[in-house]
Amino acid sequence: MLKSLPLPDKFFIFVKGDFCNKKLRIKINQKVLRGQPLIFSDNFDVPIHAPTSGLIENIYFNSDPIKKNIKIVVSSDYRDKWIRLNPIKNYTKHTPEKLIKIIHQSGIVGLGGGQFSSAKKLMLSINKVHTLIVNAVESEPYISSDKCLIYNHIDEILIGCKIICWITKIKIVFIAIQENNVKLISKIHDFIENESLFKICIIKKKYPGGSSKVLIKSLTGKEIPYDKHSIDIGYLIFNVATIFSMKRAIIDGEPLTERIVTFLSDKNFLSGNFWVRIGTPIKYFLTKEKLNKYFIESIYLGGPFMGKKISDVNYSVLKKTNCISIAFEEEKYKNITEQNCIRCSYCSDVCPVNLLPQQIYLYSKRKNHEQTKKHYVLDCIECKACEKVCPSYIPLVKYFKQEKIILKNIKLENNRKKISLIRFKKREERLLDVKRIININDKNFNLIKNANLFSKQKIDKNINDIKKNIRKKRVQDAIKRMQSKK
């Protein structure tokens, strides 16, 4: 059952990335409306919109050089007044470029967890893909936000699929769903019975079935090559929540300000699927009696497998947050320490992308980054299946995440070195060109100087000859006059 919650008194909007590349469109004490963009967008980042109408109470700039984020505090006025919306009734009368621009300006990103710009993904897929895959598979076993969205809004999701097909010229749509969702499969079938565009693809219930690499392998038998994406082999994958948001952005003109979030807890807590505004603080879900150290340390953004543990209840719901879960750790698991790897290969047996976690772990401990890259650590989807079966209680994914960051920094450093080398070579070429020009000018100057010197000597010689001839003629004339007098 899909539920709604009353508005909290304050929203915390986090803008990640370097502030130099983010330009705020608002200031403190400014009134905003729901859907009003808070930052300027660019080619890499989509805008973030106000989740409700109210007042910009404060703006905090994080001085941490690693995190580099901005926190915008929006105080609600409880009126929830929208900006002026511009819905489109017939999207086929508009060009794909204009529709992609609307999707970008509406702040749509991958809501399955990737948080990659959907507009950029659509732009990259034009004339490169032949099939749209609707990802209706929940990666986590206990999350049901996508199922709830399909059950309540399947008609709008199908419209969103048609919009994507219009933009990318795709002729076939696969709706991937797990075999245990019998009611959802029946409902989807009723809606697409007379639609030749859509096909239902039922896959086995397996964790983590929602990963794009695992999904492509399950549906087509193909593997996404290393350092490539599904678009490169002709498949465009979108989560159902992302498709629903695209439909709302085009047909209803609504920017992305809310999403469905699954809340997992015991009977003493709020639980179920809720429409939650982006920026809702985590503490809003908890009562004051429960805000103690034990529970705060047990809050996860995400499911029990791939969730991110947080310790600050002022952290808020992001666009990619599809679940908030409270894990109750038993006493016997609290003091477990990491043991040495016994090379049992259990982690390799359960890895859904056929990696060798024990080898990657050993190389990462030895800081052999070249070997970790050769063993495809970057292809790890961080499902933590290897951790769950490890008898030595090694937090393998923790090491893999650290290794990914190191490899990313190495790649950035190598790129900087290459750019510096290219700039150095260009500078050397410019200096050589300047030297050549100077040498050519020096030669020309010497030639001109020598030519001028030669011409001056020639003129002086001619003048002396003329003077000599004049003197000679005067002498001859004087001799003639003397002879005539005789």
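Taking amide hydrogens as placed 1.01 Å from N in the peptide plane, the amide H of I83 sits under 5 Å from those of R34, Q36, each at least 5 positions away in sequence or on another chain.
May I ask you to derive the relative contact order of the chain, considering only C-alpha pairs under 8 Å and at least 6 residues apart, and to give it as an integer percent? Let's see the in-between values first.
Numbers: 774 pairs, mean separation 65.9, N = 486.
Relative contact order for the chain comes out at 14 percent.
Working from the Cα coordinates of the chain, the gyration tensor eigenvalues give, after taking √(5λ), semi-axes of 71, 30, 26 Å in decreasing order.
Based on the mean of other beta carbon atoms within 10 Å per residue, what is the order of 38-45, 139-146, most packed first? Don't skip to the answer; put the middle values down first.
Numbers: 38-45: 15.8, 139-146: 20.8.
Ranked from most to least packed, the peptides come out as 139-146, 38-45.
Quick one: of K101/K171; K98/K120; K206/K320; K228/K408; K187/K213; K121/K162, which pairs are farther than 19 Å apart, Cα to Cα? In this structure, K101/K171; K206/K320; K187/K213 exceed 19 Å between Cα atoms.
Counting only Cβ charges, +1 for Lys and Arg and -1 for Asp and Glu, the dipole size of the chain around its Cα centre is about 5260 debye.
Ignoring ligands, DNA and RNA, what percent of the 1.4 Å accessible area of the chain is carbon and sulfur? Walk me through the numbers on the way to the answer.
Details: 15340 of 28930 Å².
After summing per-atom areas, the C and S share lands at 53 percent.
Quick check for you: with a 1.4 Å probe and neighbouring chains kept, what is the accessible area per residue of the chain, in Å²?
Per residue, the chain has 60 Å² of solvent-accessible surface.
Per-residue packing, averaged as other Cβ atoms within 10 Å, sorts the ranges 344-355, 85-96 into the order 344-355, 85-96, beginning with the highest.
Here the 3J(HN,Hα) profile of segment 85-100, calculated from phi with Karplus coefficients 6.51, -1.76 and 1.60 at θ = phi - 60°, is 8, 10, x, 10, 7, 10, 6, 6, 8, 10, 6, x, 4, 5, 5, 5 Hz, Gly and Pro shown as x. Counting Lys and Arg as +1 and Asp and Glu as -1 over every other residue whose Cβ lies under 12 Å from the Cβ of L432, the net charge comes to +3. In the chain, the calculated helix contribution to ellipticity at 222 nm averages -13000 deg cm²/dmol per residue, counting -39,500 (n - 2.57) for every DSSP H run with n ≥ 4. In terms of the mean number of neighbouring beta-carbon atoms within 10 Å, the peptides 380-393, 406-419 order highest first as 380-393, 406-419.
Largest accessible area first, the residues S117, S311, S420 order themselves as S311, S420, S117 under a 1.4 Å probe with ligands, DNA and RNA left out.
Placing R0 at 30 angstrom, the Cβ-Cβ distance between K408 and L356 gives a FRET efficiency of 0.90 after rounding to 0.05.
Only Cα pairs under 8 Å and 6+ residues apart enter the sum, and on that basis the relative contact order of segment 199-286 stands at 14 percent.
The values are calculated or read from the model by the stated rules, or taken from the named source; none is laboratory data. Model, not experiment: these values are computed from the prediction. When we count neighbours, we look across all protein chains shown, and the Cβ atoms used for this are built from the backbone with ideal geometry, even at glycine. Just so you know, the surface numbers come from the protein's heavy atoms only, side chains and all, with ligands and any DNA or RNA stripped out. Shrake-Rupley method; radii C 1.70, N 1.55, O 1.52, S 1.80 Å.
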